[in-house]
Structures are given as structure tokens and as C-alpha cells.
1. If we keep just the residues of region 364-385 that are aliphatic (A, V, I, L, M) and surrounded by 16 or more Cβ atoms within 10 Å (Cβ to Cβ), which is nearest to N320 (Cα to Cα)?
2. For residues in region 202-218 being among the aliphatic types (A, V, I, L, M) and surrounded by fewer than 18 Cβ atoms within 10 Å (Cβ to Cβ), which is farthest from G169 (Cα to Cα)?
3. Of everything in region 285-317 that's part of a strand (DSSP E or B) and of a type in the set (A, V, I, L, M), which residue is nearest to P436 (Cα to Cα)?
4. May I ask you to list the residues in region 439-476 that are more than 23 Å from E413 (Cβ to Cβ), out of contact with any strand residue (DSSP E or B) (no Cβ under 9 Å at 6 or more places or on another chain) and crowded, with 17+ Cβ neighbours inside 10 Å?
5. Any residue that is at pLDDT 90 or above, hydroxyl-bearing (S, T, Y) and assigned by TED's automatic domain parsing to the domain that holds G475 - is there at least one of those in region 286-298?
6. In the set T221, T243, which member is in contact with a strand residue (DSSP E or B) (Cβ under 6 Å, 6 or more places away or on another chain) and at pLDDT below 95?
7. Return the residue satisfying two criteria in turn: it lies in region 272-287 and is surrounded by 15 or more Cβ atoms within 10 Å (Cβ to Cβ) and charged (D, E, K, R), and of such residues it is nearest to V345 (Cα to Cα).
Amino acid sequence: MTPTPRAPEAEGAFPSFRDPGGSLVEFEGRVLRMVGEDAAARLRTFLHSALHRELVAEGLLVPTRTPDDAHSLLARLSVDLSGRWSRGAVLFEHERVPFPSYPHEWPAELLWEAGRLTVELCQRTLTHGFGLKDATPYNVLFRGARPVFVDVLSLEPRDPADFVWPAYGQFVRTFLLPLAVWRFAGIPPAVVFLAYRDGLTPEQASRWLGPLVRLRRPVFTLATIPSWLSRRAERMGDRLHGTRRAADPEAARYVLQRLFRGLRGQLEQLKPPAHRHSYWTGYEEEAARTAPEAWRAKHDWVVGTLQRLRPRTVLDAGCNTGSFAEAAATLGARVVAVDKDPVVVGVTWRRAAASGRDVLPLVVDLARPTPAVGWRNAECRSFLDRARGAFDAVLMLALVHHLAVTERVPVEEMAALAAELARQFVLVEFSPRDDPMFRRLVRGRGEPFEDWTPERFEAAFRRWFDVTSVAELPGSGRRLYCMVRRS
């Protein structure tokens, strides 16, 4: 009888498969890595090293251990490992990172930080006899604004005489060239990685960059010259790749040290500029300048409400440049801050990085949230799948009128989404039809939006929430609502 294939979500655990040495799987709320015997021996060597202890202590590497109930877990996993490892699998467990994210949700600043961490690990492992066998942003997650390396299988003992880093091309494609097209062409990482999981080839990057940019450093070295030489490289075939050994291990290490210093320098040249502006970067400053009393009242009400509620986890939906995300984090919350504008999300990261607050800024459009992508749509989970029920409180400040006007989302749908995301509370801002921003959004659309009223707004949210407090901002007609999720 022919077996009926099942979707990954029906199987309960979908193991990763791109690394031949091991598979990562989430199971019963735990992050497990099944590793073949040969790779497990190399991993144990690294886990028992002083370097591993240093990196974990500094927060640069995810803690990894052998679970006490490994045999029971393997029996319950019911994952088909036939054909992977003839000698069976060894199980390791990673500490769970609170909210996993992907490169196609990162502003360029997070991609740059992940690249900086990757190069730092290359430099530090080199002096301890280890190396990174691959270099992709998918090896990195973020705890707040700080990157943490999670692919421990990538760290392996290296041949002391080998002076070639096999992951160099991957690092260029997935870090340097995407950063170049953001810096010089304004194309964000989300556009790159949703279309190209493995980043950009030099030929692709060259087509996206103008002729003058292609002559600038480091683009000329990273994209232009490799594009010119690509046909010659194809003719050389395998002669261009493979292991190359130096007569002296010190000479090999010197070559790699020079390479990694060069990559760090190229990263610095491609660092996302702090002065980039978009339509929304000055929104909060303009609001504080044109309506200072209303802005102060809004800030004080939001902060006071958060002080009273003390949520442990917060989603700031439509975060702009992160004022309220930072306020929530200052009160001890772990915050995920999302906005569809990559520039304001970059500003939010800069604020969080400077203050050390636990804020993870992501480029997510709630009207078109990040989809599930990858093989069978199971390698990278959708944003909503990760976010449902993950937050004590959800902030929807200066957001819902944008969803209503520009996206035509019914207010009932907004309330339903808020109920999916928030476990306990939601703070929502309502803007009336005569609000200047509402009128600006409506202009040219030919729709009166006569049903956009406080009564309909409250009725939609009362299906899921109880309104506990309402504040009207002076001189604006806007209202702030604190609502508690019904059990």
C-alpha cells in the first residue's frame, strides 16, 4: 500500500535538512538538534573547549547541552532518519531564543550585526584551532538587539595548514552584497532574501547597482571584478575550489587572519548609514512639535498604563522609531517591535543597541505579514505563526487608521488579529475622520469612510476585549483604549 504524504505541520516536527551533519527540530517547546555520530564527535570536541565556554559566557553563542531524557525524546520524535545516518543520531538541546526571526525580516542594521558577529567568530576560532564551515545569516538569531550564533555544527576543528576559507563566497553573497544594494540602491534585505534565500551573486548585485557605483570600493572588488571573471571561473571548474595547504601552519593562519581583517573592513565600508531618511522617520518628532500637549499626554498615558499592567512580553505593532517599544523595555518587558518601513526599524535598532534595552526590531507589514517560506513552507515559519499568543500586551498606536484607509482592513478583522496576538492586554489608538493624518490618508481615495466611528470601533473590539480605560488626547479627538482580553 502506498503511504499518503502528510504536510509538515501535520507531522508535529519538521527537521531541517540542509546540513548533512545534523537536523534541527522544535518539539514540545524545545529546540533539539539530531546529529550523526561523526558530526557529534566533532561537536563534543568543541563543546568541551575553553572557546565554547567563553563564547557562551559572553552571550555570543547559544548554550548547548546533552539532554538527560535524550533517549525518550528520540523515541517520541517519530522523525524518519532513514538514509541520513547509518549509525543513528545523537541528540543535543539548545537554549531557546525567545522570538526567532529571519533575514527577510531584518533591517540592514541587523544583517550587518549578524555579519560582524560571524567575522568575529572566524577570528576567534582561528586562534583556538576551529573554524566556521559555512557563513550564512540563517546561523544567527537575535536576543533583543544583540546577535547570537546558533549553528554550533558550523564550528569544527580545522586543518592547521589549510589557508582557504570555504565559506568566503557564501559570506559575500549573503552579507556583503545585500548590504551593498541597501546602501547604494536602497533595496532592503527583505526584498533580497524573500526572493533569493542564498543571497545575491556578483552578477545579480551588479545589475541592481548603477555603473558608477560598480566602480566604488568595495563593490568593485566584491561584484564588478567577479562578474567580469565569472566565465573564466566556470571554465576552471573544480580547479578553483578545494583544499589548499601551506607548508607552514603559521603561514596558513596568517593568510586567514588577513582575509578576516579584510572582511571586517569591507563590512565597515558597507555599514548602514545612520542618516538615511524615509517618509516616516520624522513622524514622532513632527507630532511632538505640532501637537506637544497631545503627544505628552499620549506618552504619559501609555507609560503609566504599562507601569500598571507590567507585561513581560510586548508586541509594538507599527513601532515607527521605537519610542514606546523602548518605554516598554525600560519597564522590564521583552519587546518585539515591527513596522513595514525598514528605515524606521533601523532607527529603532539603533536606539535599542545604544540603550541595551531588550527590543527586537523587525521589518513586518501586518497587512502583509511575513509568510512561511522554504521547502514545503516549513523551513521558516510565518510571522503570525510565531506571534500568535506570544505576547502579554500588544500596542497598536497610530496604526489602525492606516490599516483601515490604505489597506481597507475592516475594524472587526483588526480586533480579531489583536485577540490572536495578545494574551492579556491591548493598547489601541483611535483616530477620528477629522484627524489631519486620517484626512491625509483619505485624500484622493474618493471614499467617505462614514462608518469609521468610535461606536463601531468599540463594538468590534468588545467582542474579544473588555475596555478598562479610555483617554482622549487634548486638542486632537484621538482616543487611547486599554482593553483586557476575555478569557
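1. Of the residues in region 364-385, the ones aliphatic (A, V, I, L, M) are 364, 366-367, 372-373, 378, 384.
Of the ones still in play, those that are also surrounded by 16 or more Cβ atoms within 10 Å (Cβ to Cβ) are 364, 366, 372-373, 378, 384.
Values: V364: 12, L366: 13, A372: 25, V373: 26, A378: 30, L384: 20 Å.
So the residue we want is V364.
2. Within region 202-218, the subset among the aliphatic types (A, V, I, L, M) is 205, 209, 212-213, 215.
Going one step further and asking which of them are surrounded by fewer than 18 Cβ atoms within 10 Å (Cβ to Cβ), we end up with 212, 215.
On the way: L212: 24, L215: 20 Å.
The extreme case among them is L212.
3. Within region 285-317, the subset part of a strand (DSSP E or B) is 313-317.
Adding the requirement that they be of a type in the set (A, V, I, L, M) leaves 314-315, 317.
Numbers: V314: 28, L315: 26, A317: 21 Å.
Among residues in region 285-317 that are part of a strand (DSSP E or B) and of a type in the set (A, V, I, L, M), the one nearest to P436 (Cα to Cα) is A317.
4. Residue satisfying the conditions is S476 alone.
5. No, there is no match, as no residue in region 286-298 is at pLDDT 90 or above, hydroxyl-bearing (S, T, Y) and assigned by TED's automatic domain parsing to the domain that holds G475.
6. Numbers: T221 fails: in contact with a strand residue (DSSP E or B) (Cβ under 6 Å, 6 or more places away or on another chain).
Just a single option satisfies the conditions, and that option is T243.
7. Looking at residues that are surrounded by 15 or more Cβ atoms within 10 Å (Cβ to Cβ) and charged (D, E, K, R), I get R276.
Table: residues versus (1) touching a strand residue (DSSP E or B) at 6+ places or on another chain (Cβ under 7 Å); (2) without any contact (Cβ under 8 Å) to a residue 40 or more places away in the chain.
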| position | (1), (2) |
| --- | --- |
| A39 | yes, no |
| R44 | no, yes |
| S49 | no, no |
| R53 | no, yes |
| A57 | no, yes |
| P67 | yes, yes |
| A70 | yes, yes |
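The values are calculated or read from the model by the stated rules, or taken from the named source; none is laboratory data. The model shown is predicted, which means the values in this text are computed figures rather than measured ones. So basically every Cβ, Gly included, is an ideal-geometry build from the backbone, and we count neighbours across all protein chains shown.
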